[in-house]
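Novice: Let me begin by handing over the structure; questions about it come next.
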Amino acid sequence: MHLSPQKTDTIQFWVLNVASFLAQLTIAMVNLALVYHLRRVFALGADGIGLAASIGPATYLVFCILLAPYTIHYRPRHLVQLSLAGMGFSVFLFVSTHTLVVAYIALALYGAFMSLLWPQIEGWFSRGKEGAGLNRVANAFNFSWSFGVGVSSYIAGLLVELSTTMPFYVSLLLFAVVYLIIFISSALVPGIRAVQSEHSDNKANAKVDQSTPLRFYAWAGIIALYSGMSVILTIFPLYAQDELGISESQTGLLLLIRGVATCLSFLALGRLEFWHFKKRYIFLVQILFALFCLLAAGFTSPIPYAFFFLVFGFLFAFAYDQSMFHGASGSINRSHRMIIHEVLLTIGTILGAVGGGYIYEKLSFSRLLLVVASSALVLVSIEMAIACVWRQRKQ
């Protein structure tokens with residue numbers, strides 16, 4: 001089958017976005033079901049659940065770093081397929097056991113195999129793209145995975161009400177579907193099959209690095225916003241069950257609001273360029289996040305939280321876009337930059353899950369939000385101070 005480069009690029013665009021949607025839908029379903037499964041099957045408290053939920057992100061972080069020097073030598077589609085098969089095996093191991101140690105091992109394997117997924121997909125779709133083209137493909141990807149998260153929150157809530165094991169079995173089927181999408185598209189489209197490793201691509205095309213230093217501020221922001229995301233996805237369901245007295249499906253509906261807000265924000269940001277290479281918007285997003293966490297600390301019913309999740313969905317999308325765009329822009333080592341992006345958001349995830357679980361167990365959810373807000377304000381204050389010093393030195 002002979003296809004023009006433009007046609008191949010279009011097919012690859014849709015293949016990667018559909019695969020990202022289904023993969024993230026599956027991963028988010030596993031993550032939410034994990035909270036309820038650990039409580040019902042293993043009788044863990046909030047701190048124990050937070051710790052267990054951080055095992056996958058921790059091994060994800062470690063293996064992203066450890067494998068970075070080696071993954072650039074392999075074709076991205078091979079690593080993505082290996083990741084999907086490994087995550088499916090890990091989920092099956094987790095749902096099949098009633099031994100906590102084996103469950104921990106399964107979660108560790110799950111995170112390790114996931115380290116081969118997102119950095120590769122992100123480096124794959126952004127390769128050779130800059131400016132408006134990079135913004136377009138990045139936001140299409142971001143819409144795809146965030147739409148998967150939003151949809152999965154409600155689906156997972158419904159499935160958990162039937163059984164805490166049901167979402168895991170559905171996830172196994174979905175992992176298989178994504179694997180087949182990558183496999184079949186690679187077999188049918190020569191252009192996708194021919195995508196080289198990043199090492200080979202850089203060797204064949206002499207490129208000059210033109211990275212922007214704004215990526216450092218955006219990377220700090222993604223740590224803050226992802227810590228909030230982790231609290232919302234890991235700790236809030238427990239708080240909703242313990243204190244608000246609402247069902248799993250109602251909690252899923254609240255989380256769906258955040259997901260929809262994030263999706264719509266990614267669509268809008270993909271068409272807007274006013275925020276490109278402007279640090280004031282990076283700082284503004286982090287400040288607003290902290291202020292809304294302070295406001296939410298006083299909420300005691302589901303409806304105000306729906307408003308909070310709506311605003312958080314927008315701010316989260318903006319921070320994520322800033323990190324991905326400024327991290328990739330001008331870089332010749334896209335997969336390496338995406339690994340840094342993924343490592344930092346994983347650090348935020350772990351901080352939110354472990355620290356959030358401990359604070360919620362010892363204090364309260366409102367106190368937890370106060371800690372998150374205070375930490376974000378301290379972080380952005382340090383960034384602004386560094387920016388001022390840097391500007392004075394340049395003058």
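Novice: Looking at (1) in contact with a Lys or Arg (Cβ under 8 Å, 6 or more places away or on another chain); (2) over 19 Å from G221 (Cα atoms); (3) modelled with pLDDT of 90 or more; (4) among the hydroxyl-bearing types (S, T, Y), which is the only condition S331 fails?
Specialist: (3)
Novice: In the stretch 266-287, what count of residues is obtained for those that are open to solvent by 50 Å² or more (accessible area, probe 1.4 Å), among the aromatic types (F, W, Y) and not in a loop (DSSP other than H, G, I, E, B)?
Specialist: Looking only at that region, the number is 1.
Novice: Shifting gears a bit: All but one of (1) modelled with pLDDT under 95; (2) more than 19 Å from V149 (Cβ to Cβ); (3) surrounded by 24 or more Cβ atoms within 10 Å (Cβ to Cβ) hold for V372; which doesn't?
Specialist: Result: V372 fails condition (1) only.
Novice: Can you list residue pairs whose Cβ atoms sit under 8 Å apart, with the first residue in the stretch 301-327 being within 23 Å of N135 (Cβ to Cβ) and open to solvent by 30 Å² or more (accessible area, probe 1.4 Å) and the second being part of a helix (DSSP H, G or I) and among the hydroxyl-bearing types (S, T, Y)? Count only pairs 6 or more apart in sequence or on different chains.
Specialist: Short answer, once both residue conditions are applied: F314/T262; F314/S265.
Novice: Give, as residue ranges, the helices (runs of 4 or more DSSP H) completely inside the stretch 302-395 that count at least 2 residues that are within 16 Å of the chain's Cα centre (by Cα) and more than 24 Å from E273 (Cβ to Cβ).
Specialist: So the answer is 334-350.
Novice: What single numbered condition from (1) open to solvent by less than 20 Å² (accessible area, probe 1.4 Å); (2) touching a Leu at 6+ places or on another chain (Cβ under 8 Å); (3) outside any loop (DSSP other than H, G, I, E, B) fails to hold for C263?
Specialist: (2)
Novice: Taking the stretch 159-176 on its own, how many of its residues are more than 12 Å from F92 (Cβ to Cβ), open to solvent by 10 Å² or more (accessible area, probe 1.4 Å) and either part of a helix (DSSP H, G or I) or of a type outside the set (V, I, T) (or both)?
Specialist: 7
Novice: Condition (residue is modelled with pLDDT of 95 or more, of a type outside the set (A, V, I, L, M, F, W, C) and touching a Phe, Trp or Tyr at 6+ places or on another chain (Cβ under 9 Å)) applied to the stretch 276-296: is it met by at least one residue?
Specialist: Yes, the stretch 276-296 contains a residue that is modelled with pLDDT of 95 or more, of a type outside the set (A, V, I, L, M, F, W, C) and touching a Phe, Trp or Tyr at 6+ places or on another chain (Cβ under 9 Å).
Novice: If you don't mind, there's one more thing I want to ask. Answer yes if at least one residue in the stretch 177-185 is of a type in the set (S, T, N, Q), within 18 Å of L79 (Cα to Cα), touching a residue at least 40 places away in the same chain (Cβ under 8 Å) and open to solvent by less than 30 Å² (accessible area, probe 1.4 Å), and no otherwise.
Specialist: Checked the stretch 177-185: at least one residue is of a type in the set (S, T, N, Q), within 18 Å of L79 (Cα to Cα), touching a residue at least 40 places away in the same chain (Cβ under 8 Å) and open to solvent by less than 30 Å² (accessible area, probe 1.4 Å).
Novice: Then there is this: Quick check on A138: is it in a helix (DSSP H, G or I), among the small types (G, A, S), crowded, with 20+ Cβ neighbours inside 10 Å and free of Cβ contacts under 8 Å to residues at least 40 places away in the same chain?
Specialist: It is false that A138 is in a helix (DSSP H, G or I), among the small types (G, A, S), crowded, with 20+ Cβ neighbours inside 10 Å and free of Cβ contacts under 8 Å to residues at least 40 places away in the same chain.
Here is a yes/no grid of residues against (1) under 25 Å from L363 (Cβ atoms); (2) part of a helix (DSSP H, G or I); (3) open to solvent by less than 10 Å² (accessible area, probe 1.4 Å):
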site: A187; (1), (2), (3): no, yes, no
site: R215; (1), (2), (3): no, yes, no
site: A220; (1), (2), (3): no, yes, no
site: Y226; (1), (2), (3): yes, yes, no
site: I232; (1), (2), (3): yes, yes, yes
site: I235; (1), (2), (3): yes, yes, yes
site: L238; (1), (2), (3): yes, yes, yes
site: T251; (1), (2), (3): yes, yes, yes
site: G259; (1), (2), (3): no, yes, yes
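Novice: Looking at Q210 and the list (1) more than 19 Å from L32 (Cβ to Cβ); (2) more than 23 Å from the chain's Cα centre (by Cα); (3) in a helix (DSSP H, G or I), which single condition is not satisfied?
Specialist: The one condition Q210 does not meet is (3).
Novice: Which is of a type in the set (G, A, S), more than 25 Å from the chain's Cα centre (by Cα) and within 30 Å of G88 (Cβ to Cβ), of G245, G191?
Specialist: After applying the criteria, what remains is G191.
Novice: Could you identify the single residue in G133, G191 that is under 23 Å from N333 (Cα atoms) and without any contact (Cβ under 8 Å) to a residue 60 or more places away in the chain?
Specialist: G133
The values are calculated or read from the model by the stated rules, or taken from the named source; none is laboratory data. Note that this is a predicted model, so its numbers are computed, not measured. With ideal geometry, Cβ positions are generated from the backbone for all residues, glycine too; neighbour counts draw on all protein chains shown. Areas reflect the complete protein model, heavy atoms only, side chains present, ligands, DNA and RNA absent. Shrake-Rupley method; radii C 1.70, N 1.55, O 1.52, S 1.80 Å.
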